[in-house]
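Coordinate-derived values only; no laboratory data. Since the model is a prediction, treat every value here as computed from it, not as a measurement. So basically every Cβ, Gly included, is an ideal-geometry build from the backbone, and we count neighbours across all protein chains shown.
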Amino acid sequence: MLEPKRYLLIAILLFFNIALLHSQPREIVLKGHITDKSHKSLPYSGILNLNTGAGVNANDKGEYLFRTNIPANFNVFSLGYFSKQKRIEKSDADTLITDFMLEQDTTYLQAVDISAAHKPVLLKEAINLIDFEVKDNQIWMLYSMRSGSKIEVTNTDGNLITQKNIKYAVKNIDITPHDFLFSNYKDSIYFYSIKNEKLAVKAMGLDTYNKSAESLVGYKSPYYYYHFKSKLKTQVTYSFYDKESKALKVLYDYSNSTSFIPNRQTEEVIAAIHMLARENPDDASTGGGYATPVENKGTTVKGTLGSTASTIIVSSNHQAEEEAKLLLLSRYKALGATPDEISNSFEQAQVQLKSHARPPLLIMMLRSMMDSVVSFFKITDQGICIFNFTNDSIYQYASDNSLSKQSQLLFDHPGREYRKKEIILDDTRREFYYKYMVGTDTYLEKIDMNSDKTTSKILLKYPFINKIRIEDGCAYFSYFNRTDNSGAYSGQVSIYKQRLD
């Protein structure tokens with residue numbers, strides 16, 4: 001006969017096993033209808049899994065279909081409406097029908113002034129379409145294939161110009177700041193061009209590219225333009241090299257002294273976590289674990305920041321993690337993050353730390369939250385424009401690189417997180433657009449360089465937009481479309497074209 005204590009122990013173990021079983025993530029299909037209080041459908045509204053960061057948008061009837069894991073917290077939103085959150089713990093069925101009703105935010109609607117209402121036109125859509133670029137009124141589309149990749153070049157209406165299968169499997173196609181189309185693959189850079197109506201490919205070693213071209217941000221005869229950013233991200237310098245006189249001169253230099261010390265402290269906390277992980281032999285395959293505290297107290301970690309290096313004393317990796325979390329918390333609060341967003345980030349970080357992921361999500365988040373000088377460099381026929389979002393200034397230079405105008409940047413929106421800001425140049429029309437995000441909605445504002453203000457605001461139709469390019473007054477953007485017209489799961493990438501005037 002089992003003793004009472006053993007019965008109790010077995011009961012406790014069974015309880016925890018059952019609790020663990022119920023807490024395991026389970027994939028379901030979440031579907032339903034998103035409406036307002038009058039039961040009017042809300043087309044293209046969105047639903048976001050706050051635990052994973054994945055989301056989908058509804059179709060033009062306000063109907064959504066979402067393959068997702070539970071338990072999880074979900075956020076439902078639509079432009080001009082208050083968002084609604086719901087937690088789903090479990091479901092006995094594989095498909096869970098959940099409808100949402102959102103309340104109108106009349107104050108927000110009054111503040112939004114959308115000047116352009118052109119509908120986006122679908123150009124291409126495919127499951128294996130993974131990226132695109134736009135250059136010289138041509139659209140370059142990258143497809144993944146069973147063996148390698150395929151690049152397809154079309155005109156701006158989506159009609160085929162040329163295509164080529166390539167043996168290596170690349171994951172992106174992009175354009176360098178100095179106007180070359182390229183892809184990364186292993187230790188090489190592959191450049192693309194069209195010669196005699198055929199697609200040509202040239203390779204360059206990644207080391208060679210990094211040494212000779214990575215800091216090159218543009219060329220306008222007879223000048224090469226280079227950029228330099230300090231390790232702590234608090235200083236940015238733009239220089240130009242004159243081919244004729246062979247002189248290298250500084251065009252623009254800006255330092256943000258207020259962020260230097262906080263960024264240095266962030267680097268030192270990251271260095272502490274790395275060193276303590278290396279001292280912990282808990283997981284040899286990753287070069288050290290993150291979950292088990294180091295027993296030696298008073299570990300000394302010396303920073304590697306030159307003459308400004310300082311020393312941090314930490315007693316264990318647990319203490320280093322706590323210091324990092326406090327630092328992360330302060331960064332999130334400074335950027336206006338909600339308590340739910342902060343809590344969700346901590347939960348993800350803890351999962352990464354316990355699974356010995358290297359580098360852990362916590363370190364990557366700390367690096368991304370460092371205060372950085374945000375300065376966009378753009379070349380036009382008239383000269384150079386630099387948009388500095390750190391000190392809210394615009395600098396305009398003439399063709400001979402002399403400063404012709406310095407003015408206040410009047411179209412920035414306080415409180416918007418800088419990694420969601422961008423200046424996009426329409427090369428054909430030489431017009432600038434200010435791109436930013438509010439939640440998952442993407443806006444474009446056309447910039448008047450004479451008044452330093454924006455003259456129009458355009459809302460792109462879909463949330464969760466991946467990439468935007470502007471050419472000849474049109475925006476081209478890619479969007480991951482999880483559902484087709486019938487509401488069935490499709491998982492296709494779509495490329496749209498939308499007029500901006």
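A few comments on the model shown:
- Among the trypsin sites (Lys or Arg not before Pro) in region 34-97, those located in a DSSP loop and surrounded by at most 11 other Cβ atoms within 10 Å of their own Cβ are LYS37, LYS40, LYS90.
- The convex hull of the Cα atoms of region 373-416, projected and averaged over all directions, covers 3.3 nm².
- In a DSSP loop and with at most 12 other Cβ atoms within 10 Å, the trypsin sites (Lys or Arg not before Pro) in region 198-256 are LYS231, LYS243, LYS246.
- Fully extending the segment from SER215 to ASP501 would add 99.5 nm, taking 0.36 nm per residue of separation and subtracting the current Cα-Cα distance.
- Bridgeable lysines around LYS150 (alpha carbons under 27 Å apart, same-chain partners fewer than 8 residues away excluded): LYS124, LYS135, LYS164, LYS167, LYS171, LYS186, LYS195, LYS198, LYS202, LYS467, LYS497.
- Cleavage-rule hits (trypsin sites (Lys or Arg not before Pro)) in region 160-190: DSSP loop, at most 12 neighbouring Cβ within 10 angstrom: LYS167, LYS171, LYS186
- LYS231-THR380 FRET efficiency (beta carbon distance; Förster radius 41 Å; 0.05 resolution): 0.85
- Computed lengthening from VAL201 to THR156, 0.36 nm per intervening residue step minus Cα-Cα distance: 14.0 nm
- Computed E for LYS90/ARG146 - FRET, C-beta separation, R0 30 angstrom, nearest 0.05: 0.20
- Cα-based convex hull volume of region 31-87 per residue, rounded to whole Å³: 75
- Gain on full stretching of the segment that runs from GLN265 to MET437 - 0.36 nm per residue minus C-alpha separation: 59.0 nm
- Cβ-derived FRET efficiency at R0 30 Å, ILE175 paired with LEU403, nearest 0.05: 0.60
- Computed from Cα atoms alone, the Kirkwood hydrodynamic radius reported for region 205-261 is 12.6 Å.
- Share of Cα-Cα pairs in region 68-218 lying beyond 18 Å, as whole percent: 71
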